[in-house]
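Participant: What follows is a single structure, and I will ask about it in a moment.
The values are calculated or read from the model by the stated rules, or taken from the named source; none is laboratory data. No experiment lies behind these values; they were computed from the predicted model shown. As a convention, Cβ positions derive from the backbone with ideal geometry for all residues, glycine included, and neighbour counts pool all protein chains shown.
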Amino acid sequence: MDKLKEDKIIADLLPQEFGKQGRIWVICLLFFAALGVFAYGRQLYYGLEVTAMRDYASWGIYISNFVFFVAISLVGSLITAVLRLTNVKWSTPLTRIAEIIAVSAITFASLIIIVDMGRPERFYNLFLHGRLQSPIIWDVIVITTYFFISLLLLYFPLLPDLKIMIGFKERNGKWLQKLYEFLGSFWKNTKAQFKITDKAINILAIAIIPVAFSIHTVTSWLFATTYRPGWDSTNFGAYFISGAFLVGAGGVVVAMYIFRTHYKLEKYITNDHFDRMGKVLVLLALLYLYFNFNEFLVPAFKMKKSEEEHLLGLFTGEFAPIFWFAIFTSMFIPIFILLFKKGRRPLPAFIAGILVVVGSWFKRFLIVTPTLLHPFLPMHDVPANYHHYIPTWEEWAIAGGSLAGALLVITFFARIFPIIPIHETIIETESLENEKHF
Amino acid sequence: MPHFLMAQAVEKNTLVLGVKYYNDNNAAQHLVISAKSKIDGKFQKIGNIAVKVFITNDSNKNNFIGAGITSERGEFILFIPPSAKTEWVKSPTQNFIAISAANKLYEEARAETTITKAKIKIDTADGKIVNAKLFIKVDTSWQPMAGVEMVLAVKRLDGNLNISETATYTSDSAGAISGEFKRDSLPGDQKGNLILVANIIDNDVYGNVAAEIMVPWGKPLVYTTNYNHRSLFARRGHSPIWLELLAYGIILLVWAVIIYLGFQIRNIIKLGLD
Amino acid sequence: MSQNTRRDFIASSLVAGVTLAGCATKNPFTAEEIPDVKPSGEMVKLLSVDGEIIEVDKAFLKPVPALPASMNTIEREGIAGKKFAMVIDLSRCKSVKKCQTACNHMHHIHPGQNWIKVYPMQDAEHTAPYWQPTTCMHCDEPPCVKVCPVDATFKRKDGIVLIDSDRCIGCRFCMAACPYSSRVFNWEEPKIEKEIADKPYSCETSVPQKVGTVGKCDFCPDMVRQGNLPHCVSACPNGVFFFGDILEDTVTNGSETFRFSELIKDKAGYRLMEDLGTKPSVYYLPPVNRNFPFENKVESVVEEKKA
Ligand code: SF4
Ligand code: SF4
């Protein structure tokens, strides 16, 4: 491939400074994150009293947000590992987007779980007194592991790109240059080095799959290891993982669209990508739908007394509006949109992606709260406000702040590093061209 | 201002004190002092009341035998100290007086109880028969007492279990009662010993008098506990072996990979620096 | 203490040795020795009924006037040789709620929250309504303990499930795990007098409650150590609650004492949600032969007032 073309790719894919839009975006995110921090300050000062959680609804949107983050972080393994191992080539430009979503989501998952703790300053007790029998400890272990594996999976493919970045000393400025050099000055593009990274990436791609499955399975066990109606299910791990793949893929589609339009990457994130991701999304939505049928239809068929209240609350009762909203936005409508070829063009796919993500967030809410409000023994001998759960502004601010924080991490990452792997794109274009020649 | 002053003059509640006499095994004699008051039409136990206790009468300073403060449950225990001896040996009946001074919330209060000295002898006979005899002090000698209601029971935590269906026994002219032990295979201690009690409960004249005896009529207790067993609900370090193997195995495996990859980064760096 | 008793004791241990030999049962668990009460060495002078002055070791004085504050490690282990249980007689409960008041008062529970709840129950349309007080069931396979990440809630030798509020991280997993809804959380700084808030925390008294940690019925091990019944048991005017040591096979409500196994057999005692396999230590006697009406005094009004 000629040098000109290569330069063009590099120029296209280099990270760019924030434009006006970018700045407004960042300022908005910073504002929401700051609001979240402020609200958390209040929570630290007054205790969990500032939330609407009470003895029955003892977990609220913090935990659903946590589950959401863990779910969306699973996408790293889907795009990078699953597609790589099955030799799917078209996913290359999406890997880094997926990986950074994974890293930032898993980071904020751990932060939000600390936010949920009544005594966050005793966090060290988890290490001092940790009991291996508790699913929370399992979660701590697998989340840490997943975080490091994701980080490595982000890092290895970044090395050749770092070398390219280091070449643009002027453009980078002092700080970034230092950062790049710190991270990758030793990369010399030698064969031996490539051999190591290729191998490492393959190992990671394999290792990340079981770990990714465990983070979400273990997260589902936080619920499934209890007796409560709606949680007491052997189906839960698979149900959670299928849902996680769905929301993760939806998140990637959304991110793809935003990066593509904002950085003008139409040549690299093509319509074809949206078409294929759209199909993946339909597949995953159908899969999730299948598990939902299992989760709700089977107990509804029996209508055990303990389950009845819970299920009716979802189908026709207090939570029915959110329930049907979540079911339709996260599954039926996206499936409907994406089944059509026209629906898989960037904009409609983007909209479908947003629907999936929003719907899935509420789906997580429905997994956590309604169950807690339908205990085995009726709610009794408590103040009236213990019977309901309507999150307070502090909870919304903190949950929103954590989402904004996750987006900030992604945004800054894209500002500093090429969001589409430059080196791999060059290689792939090359091999494509070679194919054409023959 | 006068308004304010009037508000200050809160009406004080009446405090009701109680004194109960206990004689365990003819040795450890003690008093239980209690305090209660009617609040919102119901009697409630009152804690934190300082009470002074006297023997015979409270006019003589030497008769002071102790003081205490009622607990949150509105009572305290006072063992009768050796200093009460001079008064104690004087007469077969004794007076105990409890007095509390007025405080911010309560008027001063006073309670008195009079008891006649009594003791019980307990013994057993063949066929798991429990015999007990009640003696009371008449002048300077112990005389058997008839017509007093007594209980024969097995001593248990917080309460005594009657030795049979018969709830109470009344002493005959020899002061004696007798009952058959019918609690077959009731768990005793590790040797199968049970402690039997013969007692008078809340008697107007004698207070609470009890005597104990240990008998081997119980089923020996084989004490087992799964406290040190490995289980999912055991404490840290006591998780089931399968769980430990599984968990540590997985952790080791995965982290070995991560550490291996860390070394690979080092190799890359080395290659780059060469 | 008297001569008489000592002689009998020696005689009796011989008999006991014979009985013991004939009773070698197979047991899945290792049998343990129960440690004897050791003399403290501190002697107390007392006056006997005969007017003699006697010396008694403080450790053998029962009831012990004041117990030294236990250490956390001892509190975590519990009392060896005991296995506590409760029997709640539903046929006597009129929802007087004295148990609840006493419990709330003694444990300084946050206003509005309750460790003891008295549920109006009606299992089906045509079945009779009844009152069902619930405490912590002190399950023998406690799901709450299974899930606690830091040993902040734990199962003791004596069967009691306790909470260490000095260790609890406030994750509330145990609340989700408990099927009996017996756990409450201190969402805000507990509203208690300074004097009580300043007390050193003890797992056995559960006082003072601490913000950001869980709380629940503790079976009052502090009371039991002093030879007293739990607060709810002694507070109930109808004698609904019976408490005792299952290894002694005896339960008492203060005025009546029953042989536990007989009581459960005669009255067909049962436990709540047996199907979950939690193995509660609290037994219920069915609400039969009640000679009082079931009056649900507009529960909602009461609850609104609290809110
Ligand atoms: S009743 Fe609930 S809190 Fe009590 S031991 Fe059982 S599971 Fe734990
Ligand atoms: S809230 Fe406290 S006691 Fe309950 S599981 Fe968490 S750390 Fe353990």
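Participant: For the range C:135-156, does any single residue satisfy the condition of being within 15 Å of ligand 2 (Cβ to nearest atom), more than 7 Å from every other protein chain (Cβ to nearest Cβ), among the aliphatic types (A, V, I, L, M) and in contact with a Ser or Thr (Cβ under 9 Å, 6 or more places away or on another chain)?
Facilitator: Yes, there is a match, as at least one residue in the range C:135-156 is within 15 Å of ligand 2 (Cβ to nearest atom), more than 7 Å from every other protein chain (Cβ to nearest Cβ), among the aliphatic types (A, V, I, L, M) and in contact with a Ser or Thr (Cβ under 9 Å, 6 or more places away or on another chain).
Participant: When the residues of the range C:120-138 are narrowed to those that are polar (S, T, N, Q) and away from ligand 1 (no atom under 16 Å from the Cβ), which ends up farthest from C:Ser95 (Cα to Cα)? Write out each step before concluding.
Facilitator: Here is the first cut: in the range C:120-138, the residues polar (S, T, N, Q) are C:122, C:127, C:132, C:134-135.
Next, from what is left, pick out any that are away from ligand 1 (no atom under 16 Å from the Cβ): C:122, C:127.
On the way: C:Gln122: 14, C:Thr127: 19 Å.
Among them, the one singled out is C:Thr127.
Participant: Can you tell which of B:Lys128, B:Lys117 is within 14 Å of chain C (Cβ to nearest Cβ) and crowded, with 18+ Cβ neighbours inside 10 Å?
Facilitator: After ruling out the rest, the residue left standing is B:Lys117.
Yes or no, residue by residue, for (1) touching a Ser or Thr at 6+ places or on another chain (Cβ under 9 Å); (2) within 30 Å of C:His231 (Cβ to Cβ); (3) part of a strand (DSSP E or B):
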| position | (1), (2), (3) |
| --- | --- |
| B:Arg110 | yes, yes, yes |
| B:Lys137 | yes, no, yes |
| B:Ala146 | yes, no, no |
| B:Val151 | yes, yes, yes |
| B:Leu161 | yes, yes, yes |
| B:Thr166 | no, no, no |
| B:Ser173 | no, no, no |
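Participant: When you scan the range B:192-203, do you find a residue that is without any contact (Cβ under 8 Å) to a residue 24 or more places away in the chain and farther than 30 Å from B:Thr113 by Cβ, even just one?
Facilitator: If we filter the range B:192-203 for residues that are without any contact (Cβ under 8 Å) to a residue 24 or more places away in the chain, which is where we start, we get none.
Within the range B:192-203, none of the residues are without any contact (Cβ under 8 Å) to a residue 24 or more places away in the chain and farther than 30 Å from B:Thr113 by Cβ.
Participant: More than 8 Å from chain B (Cβ to nearest Cβ), buried (at least 18 other Cβ atoms within 10 Å of the Cβ) and within 19 Å of the chain's Cα centre (by Cα): does that describe A:Ile208?
Facilitator: Against the criterion (more than 8 Å from chain B (Cβ to nearest Cβ), buried (at least 18 other Cβ atoms within 10 Å of the Cβ) and within 19 Å of the chain's Cα centre (by Cα)), A:Ile208 qualifies.
Participant: Quick one: A:Lys3 ticks every box in (1) over 22 Å from the mean Cα position of the chain (by Cα); (2) under 22 Å from A:Pro370 (Cα atoms); (3) charged (D, E, K, R) bar one, so which box is it?
Facilitator: Going through the list (1) over 22 Å from the mean Cα position of the chain (by Cα); (2) under 22 Å from A:Pro370 (Cα atoms); (3) charged (D, E, K, R), A:Lys3 breaks only (2).
Participant: State whether one or more residues within the range B:194-215 are buried (at least 17 other Cβ atoms within 10 Å of the Cβ), assigned to a loop (DSSP other than H, G, I, E, B) and more than 12 Å from chain A (Cβ to nearest Cβ). I'd like the intermediate steps shown before the answer.
Facilitator: Here is the first cut: in the range B:194-215, the ones buried (at least 17 other Cβ atoms within 10 Å of the Cβ) are B:194-200, B:203, B:206-215.
From what's left, assigned to a loop (DSSP other than H, G, I, E, B): B:206.
Restricting the remaining residues to those that are more than 12 Å from chain A (Cβ to nearest Cβ) gives B:206.
Scanning the range B:194-215, I find at least one residue that is buried (at least 17 other Cβ atoms within 10 Å of the Cβ), assigned to a loop (DSSP other than H, G, I, E, B) and more than 12 Å from chain A (Cβ to nearest Cβ), so the answer is yes.
Participant: Here are some residues: A:Gly130, A:Gly118. Which one is crowded, with 19+ Cβ neighbours inside 10 Å and either away from ligand 1 (no atom under 16 Å from the Cβ) or within 24 Å of the chain's Cα centre (by Cα) (or both)?
Facilitator: Of A:Gly130, A:Gly118, the one residue that is crowded, with 19+ Cβ neighbours inside 10 Å and either away from ligand 1 (no atom under 16 Å from the Cβ) or within 24 Å of the chain's Cα centre (by Cα) (or both) is A:Gly118.
Participant: Could you list, ordered by first residue, the pairs with Cβ atoms under 7 Å in which the first is in the range B:260-274 and over 17 Å from A:Lys163 (Cα atoms) and the second is among the small types (Gly, Ala, Ser), at least 6 apart or interchain?
Facilitator: B:Leu261/A:Ala200; B:Gln264/A:Ala200
Participant: Can C:Pro149 be described as farther than 30 Å from B:His229 by Cβ and either assigned to a loop (DSSP other than H, G, I, E, B) or within 14 Å of ligand 1 (Cβ to nearest atom) (or both)?
Facilitator: Against the criterion (farther than 30 Å from B:His229 by Cβ and either assigned to a loop (DSSP other than H, G, I, E, B) or within 14 Å of ligand 1 (Cβ to nearest atom) (or both)), C:Pro149 does not qualify.
Participant: Quick check on my filter: what residues within the range A:164-187 are under 22 Å from B:Phe263 (Cβ atoms) and buried (at least 18 other Cβ atoms within 10 Å of the Cβ)?
Facilitator: Within the range A:164-187, A:Gly184, A:Phe186, A:Trp187 qualify.
Participant: When you go through C:Thr134, C:Thr127, C:Thr153 one by one, which is the residue that is of a type in the set (Val, Ile, Thr) and without any contact (Cβ under 8 Å) to a residue 24 or more places away in the chain? First the steps, then the outcome.
Facilitator: Values: C:Thr134 fails: without any contact (Cβ under 8 Å) to a residue 24 or more places away in the chain; C:Thr153 fails: without any contact (Cβ under 8 Å) to a residue 24 or more places away in the chain.
Residue meeting the stated conditions: C:Thr127.
Participant: Let me ask another. Has the range C:249-267 got at least one residue that is away from ligand 2 (no atom under 16 Å from the Cβ), in contact (Cβ under 8 Å) with a residue 24 or more places away in the chain and either over 26 Å from B:Lys182 (Cβ atoms) or not assigned by TED's automatic domain parsing to the domain that holds C:Phe185 (or both)?
Facilitator: No, the range C:249-267 contains no residue that is away from ligand 2 (no atom under 16 Å from the Cβ), in contact (Cβ under 8 Å) with a residue 24 or more places away in the chain and either over 26 Å from B:Lys182 (Cβ atoms) or not assigned by TED's automatic domain parsing to the domain that holds C:Phe185 (or both).
Okay, residues lined up against (1) among the basic types (Lys, Arg); (2) at pLDDT 95 or above; (3) within 11 Å of ligand 1 (Cβ to nearest atom); (4) in contact with a His (Cβ under 7 Å, 6 or more places away or on another chain):
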position	(1), (2), (3), (4)
C:Ile196	no, no, no, yes
C:Arg225	yes, no, no, no
C:Asn228	no, no, no, no
C:Ala235	no, no, no, no
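Participant: Which one of these is among the charged types (D, E, K, R), under 23 Å from B:Gly237 (Cβ atoms) and assigned by TED's automatic domain parsing to the domain that holds C:Thr101: C:Lys210, C:Lys216, C:Lys155, C:Lys191?
Facilitator: Only one candidate qualifies: C:Lys155.
Participant: For the range C:161-177, enumerate the residues that are near ligand 2 (Cβ under 6 Å from one of its atoms) and out of contact with any helix residue (DSSP H, G or I) (no Cβ under 7 Å at 6 or more places or on another chain).
Facilitator: C:Ile163, C:Cys168, C:Gly170, C:Arg172
Participant: Of the conditions (1) within 16 Å of ligand 1 (Cβ to nearest atom); (2) surrounded by 24 or more Cβ atoms within 10 Å (Cβ to Cβ); (3) facing chain A (nearest Cβ under 10 Å), C:Ile169 fails just one. Which one is it?
Facilitator: The one condition C:Ile169 does not meet is (1).
Participant: Let me ask you something else. Filter the range C:262-283 for residues that are part of a helix (DSSP H, G or I) and either more than 15 Å from ligand 1 (Cβ to nearest atom) or under 18 Å from the mean Cα position of the chain (by Cα) (or both) and give the result. Spell out how you get there, then give the answer.
Facilitator: The first filter runs over the range C:262-283 and keeps only residues part of a helix (DSSP H, G or I), leaving C:262-267, C:274-276.
Within the range C:262-283, C:Glu262, C:Leu263, C:Ile264, C:Lys265, C:Asp266, C:Lys267 qualify.
Participant: Quick check on my filter: what residues within the range C:179-214 are near ligand 2 (Cβ under 10 Å from one of its atoms) and either facing chain A (nearest Cβ under 7 Å) or without any contact (Cβ under 8 Å) to a residue 40 or more places away in the chain (or both)?
Facilitator: Selection gives C:Phe185, C:Gly212, C:Thr213.
Participant: Continuing with this model, one more query. Kindly indicate whether any position in the range A:364-380 is surrounded by fewer than 18 Cβ atoms within 10 Å (Cβ to Cβ), among the β-branched types (Val, Ile, Thr) and within 22 Å of A:Leu286 (Cβ to Cβ). Explain how you work it out, then say what you get.
Facilitator: At the first step, the residues of the range A:364-380 found to be surrounded by fewer than 18 Cβ atoms within 10 Å (Cβ to Cβ) are A:376-378.
Add one more test, that the residue is among the β-branched types (Val, Ile, Thr), and what stays is none.
There is no residue in the range A:364-380 that is surrounded by fewer than 18 Cβ atoms within 10 Å (Cβ to Cβ), among the β-branched types (Val, Ile, Thr) and within 22 Å of A:Leu286 (Cβ to Cβ).
Yes/no per residue for (1) in contact (Cβ under 8 Å) with a residue 40 or more places away in the chain; (2) within 16 Å of ligand 2 (Cβ to nearest atom); (3) touching an Asp or Glu at 6+ places or on another chain (Cβ under 7 Å):
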| position | (1), (2), (3) |
| --- | --- |
| A:Tyr124 | no, yes, no |
| A:Gly130 | no, yes, no |
| A:Pro135 | yes, yes, no |
| A:Ile141 | no, no, no |
| A:Tyr146 | yes, no, no |
| A:Pro160 | yes, no, no |
| A:Ile166 | no, no, yes |
| A:Gln177 | no, no, no |
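Participant: Okay, moving on. Which of the residues belonging to the range C:172-186 are within 11 Å of ligand 1 (Cβ to nearest atom), within 16 Å of C:Asp218 (Cα to Cα) and not in a strand (DSSP E or B)? Please lay out each step first, then the result.
Facilitator: Kept after step one, since they are within 11 Å of ligand 1 (Cβ to nearest atom), are these residues of the range C:172-186: C:174-184.
Now drop any that are not within 16 Å of C:Asp218 (Cα to Cα), which leaves C:174-175, C:178, C:180-184.
Answer for the range C:172-186, where residues must be within 11 Å of ligand 1 (Cβ to nearest atom), within 16 Å of C:Asp218 (Cα to Cα) and not in a strand (DSSP E or B): C:Cys174, C:Met175, C:Cys178, C:Tyr180, C:Ser181, C:Ser182, C:Arg183.
Participant: Scan the range A:139-151 residue by residue and report those that are buried (at least 21 other Cβ atoms within 10 Å of the Cβ) and farther than 15 Å from B:Leu253 by Cα.
Facilitator: Once the filter is applied, which keeps residues that are buried (at least 21 other Cβ atoms within 10 Å of the Cβ) and farther than 15 Å from B:Leu253 by Cα, the range A:139-151 yields A:Asp139, A:Ile143, A:Ser150.
Participant: Of all residues in the range C:187-221, count the ones that are assigned to a loop (DSSP other than H, G, I, E, B) and more than 28 Å from A:Val218 (Cβ to Cβ).
Facilitator: Looking only at that region, the number is 22.
Participant: Can you name the residue in the range C:113-129 that is crowded, with 20+ Cβ neighbours inside 10 Å and away from ligand 2 (no atom under 16 Å from the Cβ) and, of all such residues, is farthest from C:Gly277 (Cα to Cα)?
Facilitator: Selected residue: C:Asn114.
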